[in-house]
Structures are given as C-alpha cells and as structure tokens.
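The values are calculated or read from the model by the stated rules, or taken from the named source; none is laboratory data. The structure presented is a predicted model; accordingly, all values stated were derived computationally and were not measured. Because the Cβ atoms are built from the backbone with ideal geometry, glycine has one as well, and the counts that use them run over all protein chains shown.
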Amino acid sequence: MRKSKIKSNTKSKISVQLIRSAQLPDNDIKLGDRLIRQLRIPTDSPIQLAFGSFKQEIRVTSGGKSNTLALSPTIFSSSELLPRSTMNVRYYPTEKMLKLGPLIGVMVSRFLPDEPDKPFGSISAFCLEMVNAAKKQGAYVYFFTPDMIGSNPSTLEAIIYDAGWKKRSVPAPDVINNRLSTRKLENSPSVQHFMREVKSRFGTHIFNEKFLDKSDVFEALGPDTKLQKYLPESYLLSGYPTLKKMCTTYRTVFLKPVRGSLGKGIIRISRQENGHYQTMTTSLEGSKKSTYSSLPKLFSSLSGKIKKRVTKFSKDWI
C-alpha cells in the first residue's frame, strides 16, 4: 500500500552518531531537547523511524543540549545508516513518523570495481558530484546496477561512498534517479518489476523513469504556448511527400531517429544552389557527405536505411 503524503512544516539537519547498546537500548533514540521541541516529537509514546523503505518502532529520549541524533548499533545495522552522517530529519505527526533523508538511489548501467578512478565509466564524475551534493543537502545517496536488484524490493546491494567506493546492503530509496544508458537495460523484467514494486509499496518517486521518444517530447511540449516558438516544425517521416514538403520549404532539414540519442543517426539534408541535394552524416570515422542530383534519388538512397526506424523531420534551428 502506498504511503500517504503528509506535509511537515519542520525540517532540521542533524548529525547522526553511533551510540553503543550499553548506553542506549536497542529501540531507543536520543535527541536533543531543542530538536524535540522544534520537531514537536512526543516522548511519552512510541513512534516510527523511517529511512527509505526501512521502518522501525522506536522511543525518543532526551539528549539534553545535544544537537545530535543518537541511535543504537542495532538500528544502525538494521537501517544500514552510516555513523557520523549528517542528514535531514522530519517528523510527520499524523503518521507518527520520524523520517531521515531523503534516501536517493541512482540506477546506473555498470559498476567497474577494478577501475577505482572511473568505477561508473563516463558518469563517474557525476556520481561523485551526487555524493558531495547529497552531503551538503542532508541526503543519502547510493548507486546500483540492474544486476544488484534482488528478489526482495525492500533491500538491494548498492555502492556507497565512504572514504572509497564500497558495496553495501541498503533499503529501497525514497527517490530513484534513472541513469541507465540503454533501453534494453531499462526494459529488462527485473528493472521494470523493481520500479513497479517500490512505487506501489513504498511510494518511491522515480526521476527520468523511461526513455522518451522525440515524438513524445514534442507532443508534450507542443501545447505550451510559451515553448512553441522554440520548437522547430517537425513531422514523422511517412513517405516521399513529407520529405518533398520539408525540403521545398527549407534549405536545410534534419532527419533524426525518434529513438536515437547522443546525436547518433542524424542526417542533415541541404538544398544546393544548383538544385542538387547534399546529405551529411557523422560517425566515429568522421563526417560523410553525399550529393544527389534530385530529391527522388536522395529519397531512394535513404529509404532502405530509414525503413527500419521511424524518423522525425525538423527544420534547421534558426
């Protein structure tokens, strides 16, 4: 059952420190008096502590003038929190829930443990930037690949940064940032099942949930009058008449694979002064230009390449 969304008007960043069980009972936490008053947390009845999908009934006790949240080793072990972390805390009085975080999970395509300088390939710098940003904002972030998703959606293996990249069991997150680089990975049964389960069971929010076709984006942005002036005239390529209309109206048009990304597969068509048409494509080997004496000949040459994919036309960005 999806948790209800209850607003809390109070947020305070606190320091989480480990307290041994000899000093604090397993299900007790210790919070400074000022924070207890600020968050309006009851001390005469049990409440729930939440960290991502982790939840445990606890009792709040006074920590005097301390500005920290002290937890027992048992809670640290169960929740997979790290000692000395600095995290946001909110209290939801309707649910009687003290929530830490948010807990953010970044789903990536690969983890390379033997390459400590680039453990996530080309997005390694982004991942480290996420770690630093999360610390500053009082959040907790981890990274996981589709292979790390297990049968139980409430926990998974993930990579955290704690004086180095380390693998650790973690609760399901409050927020997932989907950074998968291919539709094949994104559409795998395990990934789709995991995203459905965490959304329905824990109310997890998913950012960048799926790859968007260019047509999807264009149709979503098109009705917004403020954005229309930034959108080029575009059509799905249905045949030669569409090509003829665009190439007659504009000197330069682009053919873009609807499901392409990173500029791959784009064909630029330019009308020359002598009435010929020139196409230009790019690849790892460099740019390739071809010239055609007529538009029908150009279309005949391209039709074999574009039959297997839906292609979008757009005019030049001027």
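Can you confirm whether residue 233 is in contact (Cβ under 8 Å) with a residue 12 or more places away in the chain and assigned by TED's automatic domain parsing to the domain that holds residue 143? No. For residues in the range 142-182 being acidic (Asp, Glu) and surrounded by fewer than 21 Cβ atoms within 10 Å (Cβ to Cβ), which is farthest from residue 103 (Cα to Cα)? Per the criteria, the residue is 147.
One residue stands out in the range 116-141 among those that are surrounded by 12 or more Cβ atoms within 10 Å (Cβ to Cβ) and hydroxyl-bearing (Ser, Thr, Tyr): the one that is farthest from residue 187 (Cα to Cα), namely 140.
Taken over the range 103-116, the criterion of being farther than 15 Å from residue 160 by Cβ and of a type outside the set (Gly, Ala, Ser) is satisfied by 110, 112, 114, 115.
Residues in the range 67-92 that are over 17 Å from residue 25 (Cβ atoms), part of a loop (DSSP other than H, G, I, E, B) and without any contact (Cβ under 8 Å) to a residue 60 or more places away in the chain: 67 only. Please tell me if residue 191 is hydrophobic (A, V, I, L, M, F, W, C) and in contact with a strand residue (DSSP E or B) (Cβ under 6 Å, 6 or more places away or on another chain). No: the conditions fail for residue 191.
To keep it simple, each residue is scored yes or no on (1) within 26 Å of residue 155 (Cβ to Cβ); (2) of a type in the set (Val, Ile, Thr); (3) modelled with pLDDT under 85; (4) out of contact with any Pro (no Cβ under 6 Å at 6 or more places or on another chain).
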{"residue": "12", "(1), (2), (3), (4)": "no, no, yes, yes"}
{"residue": "21", "(1), (2), (3), (4)": "yes, no, yes, no"}
{"residue": "72", "(1), (2), (3), (4)": "yes, no, no, yes"}
{"residue": "84", "(1), (2), (3), (4)": "yes, no, yes, yes"}
{"residue": "90", "(1), (2), (3), (4)": "yes, no, no, yes"}
{"residue": "97", "(1), (2), (3), (4)": "yes, no, no, yes"}
{"residue": "105", "(1), (2), (3), (4)": "yes, no, no, no"}
{"residue": "119", "(1), (2), (3), (4)": "yes, no, no, yes"}
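Inclusion of residue 95 among residues that are of a type in the set (Asp, Glu), under 30 Å from residue 68 (Cα atoms) and not assigned by TED's automatic domain parsing to the domain that holds residue 192 is warranted.
The single residue among 78, 53, 62, 85 that is in contact with an Asp or Glu (Cβ under 6 Å, 6 or more places away or on another chain) and either among the polar types (S, T, N, Q) or surrounded by 14 or more Cβ atoms within 10 Å (Cβ to Cβ) (or both) turns out to be 62. Being within 23 Å of residue 182 (Cβ to Cβ), surrounded by 13 or more Cβ atoms within 10 Å (Cβ to Cβ) and either touching a residue at least 12 places away in the same chain (Cβ under 8 Å) or not acidic (Asp, Glu) (or both) is a description that applies to residue 257. When 56, 38 are screened for being without any contact (Cβ under 8 Å) to a residue 40 or more places away in the chain, part of a strand (DSSP E or B) and outside the structural domain of residue 187 (by TED's automatic domain parsing), only 56 passes.
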